[in-house]
């Protein structure tokens, strides 16, 4: 009890010191903005429906033209790595404060501002494409803001039947006759971490080295992250040919919603979780 | 200032002490003693950490019948899970709010305390994690758990039952899931004619029931095994396919191609009351199902070996079908269904 009091006393004192240092020129912390640039190759994606004349059209390695009418994905579990290797987690256990839905149709969602990042130099960023399994339970009571954002009618980033979030949702059209494509990913694992009883873990940890160190201090850096959706069909892991039908191997729609074909897309977008930890992501620039 | 800082932590300590001053009256809320019917398998592990209590089950029953679970307050769990039909609705596919049609046939709710998997694809392994699914699914109740809590929060009868069940009035998601599961754990069907014959409680099979039982043991019991009349495995038995874009059978969950369009072997208990049959109600009657087995099922790479190795069919004469149906009707439990 006496010790506890001592610690509390010390922590109060140290807080007082911390607040004093605010008077210096360099703030103790500042913002870092993550700017997501969703592309086919080097060109930013323009969404559009089958009849759109402005929509970006991409051609896969297998020769299939395709375009997107909808493009969303979840980013969470963000960690910044200091030049000395120290890892600074950003609200990694709080989806309300540390996760977001990047939605190509909503320009504001492409810039994610992280606040109160300690002043220092950072050499690397890690984040999750999707939601870590221990948080992926549609827990509205714990994370009402993220639940509302993901569940909104114009977002639909939930798998109700799997009681988890959709990690990516891509709607679009493929081939010259504009067949519908609908590619959704998410986790279906049940059981404890490390000993899943069943299901597919679609969460992918992304690791990106920054092209130049991000210097947080008097300035608030902006890190531009390219997400090259050319990789969806022509990825590091798989070259995918879309096909429509009801067979086990048909993958464009309808049954891409099943986990059978999903993993190939997941590995292309987010890496295979072992040898490839970048997937479709790369750093375009760091502006200090 | 310094003095204040020094004492600030003390204030915290004082504040935490006062947390002990709860005035809640402790109710006697005994655990219910549920017997395991002879020959039934062990309980699901979750049962042991959420044993049914007197008030927990009362609360679960009330919540099960609560229409405010749905967005427009029109349907409850009990709207589709109707007791007289062994908690099914006699519809091919479940119907949610505004007449929205769900992807699958409403599963019966019986003997769930002894099941290892829930839902036709086994997506849930614990009953406590199942009830959120219909609450939030667009084609079912299309609500959210906080929306539900918001609606029932000020209802004195709920406050009373939550206090009696859990010690205080707090209505939390976990308590809702737990009490519904507790109620469902008590739904045990084990008093059919079959059970009474087995237990020598008087009554005997008729000649046709007895012959039907023999055919059942030869041609059905490898999948519809144990006293639950399901081995709880997942199989593709070549039923007509549900072309709904969200349907993949168990493969939707596992990502294993061999699970494509596989579903949990259904229990045959109270099967007389749970028509239509199949994952989306493909068959109106038991006779239709047996005719289909006899005529031959759809082929598939992962068709169950029992069919694949036998020309994709279970050959049955017309007489055998009649006898099987008369046996299956001995699995009807009128105490359970309150018929």
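The values are calculated or read from the model by the stated rules, or taken from the named source; none is laboratory data. All figures in this text were calculated on a predicted structure; none of them were measured in a lab. Using ideal geometry, Cβ is built from the backbone for each residue, glycine included, and neighbour counts are taken over all protein chains shown.
What do you reckon, is residue A:250 within 14 Å of chain B (Cβ to nearest Cβ), closer than 29 Å to residue A:138 by Cβ, free of Cβ contacts under 8 Å to residues at least 24 places away in the same chain and not in a helix (DSSP H, G or I)? Before the answer, list the steps.
Details: within 14 Å of chain B (Cβ to nearest Cβ): yes; closer than 29 Å to residue A:138 by Cβ: yes; free of Cβ contacts under 8 Å to residues at least 24 places away in the same chain: yes; not in a helix (DSSP H, G or I): yes.
For residue A:250, the condition - within 14 Å of chain B (Cβ to nearest Cβ), closer than 29 Å to residue A:138 by Cβ, free of Cβ contacts under 8 Å to residues at least 24 places away in the same chain and not in a helix (DSSP H, G or I) - is met.
For region B:284-305, give me the residue count where each residue is touching a residue at least 60 places away in the same chain (Cβ under 8 Å) and exposed (fewer than 14 other Cβ atoms within 10 Å of the Cβ). Break it down into steps so the answer makes sense when it comes.
As a first pass, look at region B:284-305 and keep what is touching a residue at least 60 places away in the same chain (Cβ under 8 Å): B:297-300, B:302-304.
Then drop every residue that is not exposed (fewer than 14 other Cβ atoms within 10 Å of the Cβ), which leaves B:299.
Number satisfying all stated conditions: 1.
Taking the residues in region B:129-142 that are closer than 20 Å to residue B:186 by Cβ and either without any contact (Cβ under 8 Å) to a residue 12 or more places away in the chain or crowded, with 21+ Cβ neighbours inside 10 Å (or both) as candidates, determine which candidate is farthest from the other protein chains (Cβ to nearest Cβ).
Step one: of region B:129-142, the residues closer than 20 Å to residue B:186 by Cβ are B:129-131, B:134.
So of that shortlist, the ones also either without any contact (Cβ under 8 Å) to a residue 12 or more places away in the chain or crowded, with 21+ Cβ neighbours inside 10 Å (or both) come out as B:131, B:134.
Working: B:131: 10, B:134: 9 Å.
Here the answer is B:131.
Could you say which residue among B:246, B:200 is within 14 Å of chain A (Cβ to nearest Cβ) and either buried (at least 16 other Cβ atoms within 10 Å of the Cβ) or more than 30 Å from residue B:161 (Cβ to Cβ) (or both)?
Details: B:200 fails: within 14 Å of chain A (Cβ to nearest Cβ).
The match here is B:246.
Being surrounded by fewer than 19 Cβ atoms within 10 Å (Cβ to Cβ) and either within 14 Å of chain B (Cβ to nearest Cβ) or more than 14 Å from the chain's Cα centre (by Cα) (or both) is the filter here; which residues of region A:127-154 pass it? Before the answer, list the steps.
If we filter region A:127-154 for residues that are surrounded by fewer than 19 Cβ atoms within 10 Å (Cβ to Cβ), which is where we start, we get A:132, A:134, A:137, A:139, A:141-142, A:144-145, A:148, A:151-154.
Residues satisfying the conditions are A:134, A:137, A:139, A:141, A:142, A:144, A:145, A:148, A:151, A:152, A:153, A:154.
Please enumerate the residues belonging to region B:204-221 that are surrounded by 12 or more Cβ atoms within 10 Å (Cβ to Cβ), touching a helix residue (DSSP H, G or I) at 6+ places or on another chain (Cβ under 9 Å) and part of a loop (DSSP other than H, G, I, E, B).
Hits for region B:204-221 are B:205, B:206, B:220.
How many of the residues in region B:249-283 are within 12 Å of chain A (Cβ to nearest Cβ) and either in a loop (DSSP other than H, G, I, E, B) or crowded, with 21+ Cβ neighbours inside 10 Å (or both)? Outline the logic, then answer.
To start, the set of residues in region B:249-283 that are within 12 Å of chain A (Cβ to nearest Cβ) comprises B:249-262.
Among the residues that remain, those that are also either in a loop (DSSP other than H, G, I, E, B) or crowded, with 21+ Cβ neighbours inside 10 Å (or both) are: B:249-256, B:259-262.
So the answer is 12.
Considering region A:159-182 alone, what residues qualify as being outside any strand (DSSP E or B) and either touching a residue at least 24 places away in the same chain (Cβ under 8 Å) or in contact with a strand residue (DSSP E or B) (Cβ under 9 Å, 6 or more places away or on another chain) (or both)? Working first, answer last.
Narrowing region A:159-182 to residues outside any strand (DSSP E or B): A:160-163, A:166-167, A:175-178.
The answer is A:162, A:163, A:166, A:167, A:175, A:176, A:178.
Given the criterion touching a strand residue (DSSP E or B) at 6+ places or on another chain (Cβ under 6 Å) and buried (at least 16 other Cβ atoms within 10 Å of the Cβ), identify the matching residue among A:187, A:211, A:237. Quick ask: steps written out before the conclusion?
Numbers: A:211 fails: buried (at least 16 other Cβ atoms within 10 Å of the Cβ); A:237 fails: touching a strand residue (DSSP E or B) at 6+ places or on another chain (Cβ under 6 Å).
The conditions single out A:187.
For region B:84-97, what are the residues that are out of contact with any helix residue (DSSP H, G or I) (no Cβ under 6 Å at 6 or more places or on another chain) and in contact (Cβ under 8 Å) with a residue 40 or more places away in the chain?
Step one: filter region B:84-97 for residues out of contact with any helix residue (DSSP H, G or I) (no Cβ under 6 Å at 6 or more places or on another chain), giving B:87-88, B:90-93, B:95-97.
Across region B:84-97, the qualifying residues are B:87, B:88, B:90, B:91, B:92, B:93, B:96, B:97.
Hey, residue A:145 hits all of (1) outside any strand (DSSP E or B); (2) in contact with a strand residue (DSSP E or B) (Cβ under 7 Å, 6 or more places away or on another chain); (3) modelled with pLDDT of 95 or more but one; which does it fall short on?
Just one mismatch for residue A:145, condition (2).
State whether one or more residues within region A:89-104 are away from chain B (no Cβ under 14 Å), assigned to a strand (DSSP E or B), at negative phi and surrounded by fewer than 17 Cβ atoms within 10 Å (Cβ to Cβ). Steps first, please.
Just the residues of region A:89-104 that are away from chain B (no Cβ under 14 Å), to begin with: A:89-95, A:97-104.
Now drop any that are not assigned to a strand (DSSP E or B), which leaves A:89-90, A:100-103.
Still in the running and at negative phi: A:89-90, A:100-103.
Subset that is surrounded by fewer than 17 Cβ atoms within 10 Å (Cβ to Cβ): A:89.
Within region A:89-104 (the criterion being away from chain B (no Cβ under 14 Å), assigned to a strand (DSSP E or B), at negative phi and surrounded by fewer than 17 Cβ atoms within 10 Å (Cβ to Cβ)), the answer is yes, since at least one residue qualifies.
Has region A:221-231 got any residue that is within 14 Å of chain B (Cβ to nearest Cβ), over 26 Å from residue A:48 (Cα atoms) and modelled with pLDDT of 95 or more? If you could, list the steps in order and put the result at the bottom.
Taking region A:221-231 first, the residues within 14 Å of chain B (Cβ to nearest Cβ) are none.
The answer is no, given that none of the residues of region A:221-231 is within 14 Å of chain B (Cβ to nearest Cβ), over 26 Å from residue A:48 (Cα atoms) and modelled with pLDDT of 95 or more.
Counting residues that are within 30 Å of residue B:229 (Cβ to Cβ), which helices (runs of 4 or more DSSP H) fully inside region B:93-198 reach at least 3?
On the way: elements: B:132-136, B:145-152, B:156-166, B:173-185, B:193-198.
Once the helices (runs of 4 or more DSSP H) in region B:93-198 are filtered for at least 3 residues that are within 30 Å of residue B:229 (Cβ to Cβ), what remains is B:132-136, B:173-185, B:193-198.
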